[in-house]
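The values are calculated or read from the model by the stated rules, or taken from the named source; none is laboratory data. Everything quoted here is computed from the prediction, not taken from an experiment. Backbone-built Cβ (ideal geometry, glycine too); neighbour counts: all protein chains shown.
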Amino acid sequence: MRKKEEETKETEATLLQELCGADAQLYACLSTHLYETPLAAISQEDLDIVTEEAEKSGNFRPAMDKTIFEGARNPAERERYIKAIQNLASKTIHAAEQEKDTAEKEGLTELAASLRRRIENQRLMSERTDDVLNVASRFYNEKLVELGEQARRDARGRDRKEAEREDKRISELEKAGREARRQARRGMGREEKREAKKQDGKEERAAEQRKEARGEERHEAEREERRIGELEQAGREVRKEGKGGSRS
């Protein structure tokens, strides 16, 4: 099985296995075409441009991956994408057969075996395009939801760190203010010093109230984070139940 990215997470394989069920052939085929991070792994160019580049280079893989991804996300245009996948599969098979013949003549047995597997996968892709798009649709829907959740978690994490930095900055300013007032009182007379202490007390109480308010904001953010996490977990469970029984 080709490694889709530098690292393939176990959760991804589990998801695809759940969707394919006992269909080992479909799993073997799609495990080389579906990506955990499709927005990063699949070309952002228009499909027509990616397909044109494939025609020029003879490498139809990027175009096939792009077509499956778009077909999975555009069910209303399924027939169009079915034809495009079958067309790309046919061209991939033709190119692979030529490479295989050359490899066999040159005694490159491992390469020839790899090319035979590619041909088998593309034949399955062409013959079972409906199944391919059904699984890809569920797979990518889940992955895009997960990526959206992760992006929001990252944003909340950045906000939390920014709040912590701001809290620290305010604490340092307040500490510097206390020290400055203490130094200023040294040169004051008795009455002036008494009034300064009263004012300092008011400022200390106000600073403590602000600190408590910031603490409550942090606690509220933590409660909201837990609430969102629970909702996301519940959503994953619902989607998991929905995937169950999707294939016999």
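Are there any helices (runs of 4 or more DSSP H) wholly within segment 57-154 with 3 or more residues that are farther than 22 Å from Y27 by Cβ, and if so which?
It comes to 78-105, 109-127.
Being closer than 21 Å to R138 by Cα and among the small types (G, A, S) is the filter here; which residues of segment 33-89 pass it?
Once the filter is applied, which keeps residues that are closer than 21 Å to R138 by Cα and among the small types (G, A, S), segment 33-89 yields A40, A41, S43, A63, G71, A72, A76, A84.
Confirm whether I49 is part of a helix (DSSP H, G or I), under 27 Å from the mean Cα position of the chain (by Cα) and surrounded by fewer than 15 Cβ atoms within 10 Å (Cβ to Cβ).
Yes: the conditions hold for I49.
Can you list residue pairs whose Cβ atoms sit under 8 Å apart, with the first residue in segment 205-217 being assigned by TED's automatic domain parsing to the domain that holds E166 and the second being loosely packed, with under 12 Cβ neighbours inside 10 Å? Count only pairs 6 or more apart in sequence or on different chains.
As it stands, the answer is none, since no pair meets every condition given.
Matching residues to (1) closer than 14 Å to H33 by Cα; (2) of a type in the set (G, A, S); (3) loosely packed, with under 15 Cβ neighbours inside 10 Å:
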| position | (1), (2), (3) |
| --- | --- |
| E110 | no, no, yes |
| R116 | no, no, no |
| E127 | no, no, yes |
| D131 | yes, no, no |
| Y140 | yes, no, no |
| E146 | no, no, no |
| R153 | no, no, yes |
| D159 | no, no, yes |
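Give the residues of segment 90-140 that are within 28 Å of the chain's Cα centre (by Cα) and among the small types (G, A, S), sorted by residue number.
Once the filter is applied, which keeps residues that are within 28 Å of the chain's Cα centre (by Cα) and among the small types (G, A, S), segment 90-140 yields A136, S137.
Scan D131, D167 and give me the residue that is among the charged types (D, E, K, R), touching a residue at least 12 places away in the same chain (Cβ under 8 Å) and assigned by TED's automatic domain parsing to the domain that holds L26.
One residue alone meets the criteria, D131.
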